[in-house]
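Asker: Below are the structure tokens for one structure; questions will follow.
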Number of protein chains: 2
Amino acid sequence: MTGTAAADLPGRPIRVGLDVGGTKIDAVAVDPAGEILGRLRRATGWGEDAVVDSIVSTVVALADETGVPLSAVGSVGVGIPGLVDADAGRVVHAVNLGVESLDLADRAERALGVPFRVENDVKAAALGAAVLSGVSGSMAYLNLGTGVAAGIVVDGSIWRGSRGTAGEVGHISVDPHGRLCGCGQRGCVETFCGGGALAKAWGRPGALPVRDIFDAADAGDPLALALRDDLFFGAAAAVRVLVLSADVETVVIGGGLTAMGSRLDEGIRAALHAGAEASPFARSLRLDERIELLPAGSPAAALGAALVGASISEKEIVPHG
Amino acid sequence: MTGTAAADLPGRPIRVGLDVGGTKIDAVAVDPAGEILGRLRRATGWGEDAVVDSIVSTVVALADETGVPLSAVGSVGVGIPGLVDADAGRVVHAVNLGVESLDLADRAERALGVPFRVENDVKAAALGAAVLSGVSGSMAYLNLGTGVAAGIVVDGSIWRGSRGTAGEVGHISVDPHGRLCGCGQRGCVETFCGGGALAKAWGRPGALPVRDIFDAADAGDPLALALRDDLFFGAAAAVRVLVLSADVETVVIGGGLTAMGSRLDEGIRAALHAGAEASPFARSLRLDERIELLPAGSPAAALGAALVGASISEKEIVPHG
């Protein structure tokens, strides 16, 4: 299906989704059938005004490139790091973006005349991952990036929990004698399998520290071997926690570390196997059959953001003056 | 309200709930307003036939003692350890009861002519604890007994998860170098705060090993001090896992170890405080304000079982025979 064909549909059938990261925005336009009509990436601005500007210009550029007029865009969903008040469309403490407090939905709506909805990036990605992996029932999306967090999706909806910490498995301690975490606790899951913690522990220059660690481990470097084991151990621990607390059927793994592809997949599976070796109980969970790695560069977060935007009810979709 | 008054209500208004433990059955009769009309405890039989017999005779004795005719009992709910297929009313692998596989609901219904519903004991207790503690929204019930497990209740319903392992926090490892668990893994939450694991590590005779450990710790015994710290550490870890994965608003703590009362409560709160001391993130969770200890001997499990039974739909309530 081409962008032109979709734009010919009556009304405002196109949903745009944006995954706003620390360095780039990943944007998709989605038609009513859920097909991705177009995708582009733009640099993210720094600070509140620049973040709004880069979001607005990305939507305009995506519409232009996809051949969809802005008047055909029914909603824009934005997945963004930090604490998100989804009802108010507000983001606070998005430190990687230089944002302290931003009424993102309001400001972007005023600029474009299109309804915006804002969601935490990992929660949005969880929704997109559920669709991309075709999982029904319950699933968790485990994001292995600079940090580690998960989102839980039950019957197609984001599991919100009571205070917004559902899926915060990155800061569960699994070793009281482990490395100190940025959060102040010791031995958090994130200290084992977060890209940031691994890069810090590796301590050597390089643009892709986790790839460097894997390559050095293959060459027998003892520190790299230990850190690679840590990564697999931490990810396996996160999977176990998600299954033994929320009992999700499947854990879909995404995030920047999926650039390691099958080397990551096989390592996590091996760690789950090793954990189950001595335990009939752990074996009975069949965890290695319940994980799935998204392909590197998967548009899970942007697609999920588009779905979040699509949840804006019809009555809310009134063009602004 | 007296049993007689309740029995005068038309139809079959009384709900009976049984908590079947390894040594005793705790039974309650509940009126339509949720008031407990009567409660009694009986010894549990060993093996499949004896378990059915002791359940049937407990219901008869409870009805008799409460002054409620069996014809006024609309349902019996049974909370029982082991793997429960709630839809089929079947229990398997209840090792503490000598039960390998038992069609409990069928057999008990045939004996009494009252509809039975069966549920895992911790899940039933979670439902009862939600009512007793007056918690709305989401809560977890953390059972600290011989073993450790939790049940999650959301908006008044048991959170089932996909394969029945929701809330199995007892077998999440929180220390890779910890004690070997009965399940074959190392450093499980249960190895720190399960009454069975603590008694084994204590290794001295006595009917109430956890009380002995607390008393010896007060007297300065080094092993007892270490084990008491383990108990607080493990319970605090379980609370953190429940909040950071399922994000329940409140964790209600019950089970045999609540016999230790405020000594347990204060110790767990102190462990949560200590964990939060170095971590603004952990402090922001305000975990010490989100736990609640049930009084020792609370009828949470039996009451929850009565609620499980009450969920039998009207059309299922047809007298047998």
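A short reminder: the numbers here are calculations on the coordinates, not readings from a lab. What you see is a predicted model; the values in this text were computed from it and never measured. Here the Cβ positions follow ideal geometry from the backbone for every residue, glycine too, while neighbour counts run over all protein chains shown.
Asker: Rounded, prolate or oblate for the range A:139-214? Axes are the square roots of the Cα gyration tensor eigenvalues, ordered a ≥ b ≥ c, and the cut-off for rounded is a/c under 1.5.
Answerer: Details: a/c = 3.12, a/b = 1.65, b/c = 1.89.
Verdict is oblate for the range A:139-214.
Asker: Would you work out which of A:S245, A:F233, B:P280 lies farthest towards the positive end of the dipole of the protein assembly as shown? Charges go on Cβ: Lys and Arg +1, Asp and Glu -1.
Answerer: A:F233
Asker: Quick one: compute the contact order of chain A, relative version, from alpha carbon pairs under 8 angstrom and 6+ residues apart, as a percent.
Answerer: Numbers: 707 pairs, mean separation 65.2, N = 321.
Relative contact order, chain A: 20 percent.
Asker: Separate question: Counting pairs on different chains as well as pairs 8 or more places apart, how many Lys pairs in the protein assembly as shown have Cα atoms under 24 Å apart?
Answerer: Going through the protein assembly as shown pair by pair, I get 4.
Asker: Also, quick follow-up: Could you pull the copy-to-copy label distances for B:G196, with points set 7 Å along Cα to Cβ, in nm to one decimal and sorted shortest first?
Answerer: Going from nearest to farthest copy, the values are 4.1 nm.
Asker: So, in nm, how far is label A:S157 from label B:A88 when the simple model puts each one 7 Å beyond its Cα toward the Cβ?
Answerer: It is 3.1 nm.
Asker: What value, in deg cm²/dmol to 500, does the helix sum -39500 (n - 2.57) over DSSP H runs of n ≥ 4 give at 222 nm once divided by the residues of chain A? Mind dumping the intermediate values first?
Answerer: Details: 11 runs with 126 residues, N = 321.
Helix-only estimate at 222 nm: -12000 deg cm²/dmol.
Asker: Shortest first, in nm, what separates the label point of A:V92 from those of the same position in the other copies (7 Å along Cα→Cβ)?
Answerer: 5.0
Asker: With chain B rotated onto chain A, spot the residue of B whose Cβ lies nearest the axis and note the distance in whole Å.
Answerer: Closest to the axis: B:S245, 2.
Asker: Express as a percent, rounded to the nearest 5, the fraction of DSSP beta bridges in the protein assembly as shown (both residues included) that run antiparallel. Don't skip to the answer; put the middle values down first.
Answerer: Numbers: 60 of 98 bridges.
Approximately 60 percent, going by the DSSP bridge assignments.
Asker: Would you compute, for the Cα atoms of the protein assembly as shown, the largest minus smallest coordinate along each principal axis and list the three values in descending order, in whole Å?
Answerer: Principal extents (Cα only, largest first): 79, 60, 37 Å.
Asker: Would you work out if the range B:136-293 is rounded, prolate or oblate? Take a ≥ b ≥ c from the square roots of the eigenvalues of the alpha-carbon gyration tensor; rounded if a/c is under 1.5, else prolate when a/b is larger than b/c, oblate otherwise.
Answerer: On the way: a/c = 1.67, a/b = 1.40, b/c = 1.19.
Prolate.
Asker: Quick one: which residues, 5+ away or cross-chain, put their amide H under 5 Å from the amide H of B:V118? H built at 1.01 Å from N.
Answerer: So B:V118 has HN proximity to B:V78, B:G89.
Asker: Quick check: from the Cα gyration tensor, does the range A:58-148 come out rounded (a/c under 1.5), prolate or oblate?
Answerer: Values: a/c = 1.96, a/b = 1.20, b/c = 1.64.
It is oblate, given that a/c is not under 1.5 and a/b is not larger than b/c.
Asker: Over the range B:136-293, what is the percentage of antiparallel beta bridges among all DSSP beta bridges, to the nearest 5? All intermediate terms of the calculation are to be shown ahead of the outcome.
Answerer: Working: 11 of 19 bridges.
DSSP beta bridges in the range B:136-293 are roughly 60 percent antiparallel.
Asker: Turning to a different aspect of this structure: Per q in 0.13, 0.15 1/Å, what log10 I(q)/I(0) does a Debye calculation on the alpha-carbon atoms of chain B return?
Answerer: Treating every Cα as an identical point scatterer, log10 I(q)/I(0) equals -0.93, -1.17.
Asker: Express the relative contact order of the range A:225-317 as a whole percentage, based on alpha carbon pairs under 8 Å and six or more residues apart in sequence. Could the numbers behind the result be given before it?
Answerer: Working: 64 pairs, mean separation 31.8, N = 93.
Rounded, it is 34 percent for the range A:225-317.
Asker: Still on this structure: Relative contact order (percent) for the range B:136-293, with alpha-carbon contacts under 8 angstrom and 6 or more residues of separation?
Answerer: On the way: 261 pairs, mean separation 36.8, N = 158.
So the answer I get is 23 percent.
Asker: I've got another one for you. If we count other beta carbons within 10 Å of each Cβ, what is the order of B:W46, A:W202, fewest first? Write out the running numbers ahead of the final one.
Answerer: Working: B:W46 15, A:W202 18.
So the ranking, lowest neighbour count to highest, is B:W46, A:W202.
Asker: Of the candidates B:L97, B:L303, B:L180, which one comes out as most mobile in a Gaussian network treatment of chain B with C-alpha springs shorter than 10 Å?
Answerer: Among B:L97, B:L303, B:L180, the largest mean-square fluctuation in the Gaussian network model of chain B belongs to B:L180.
Asker: Output the 0 to 90 degree angle, nearest 10, between the alpha-carbon long axis of helix B:262-277 and the longest principal axis computed from the alpha carbons of chain B.
Answerer: 50
Asker: In addition: Once the label point is set 7 Å along the Cα-to-beta-carbon vector, what list of distances in nm do you get between B:R41 and its counterparts in the other copies?
Answerer: Here B:R41 shows inter-copy label distances of 6.5 nm.
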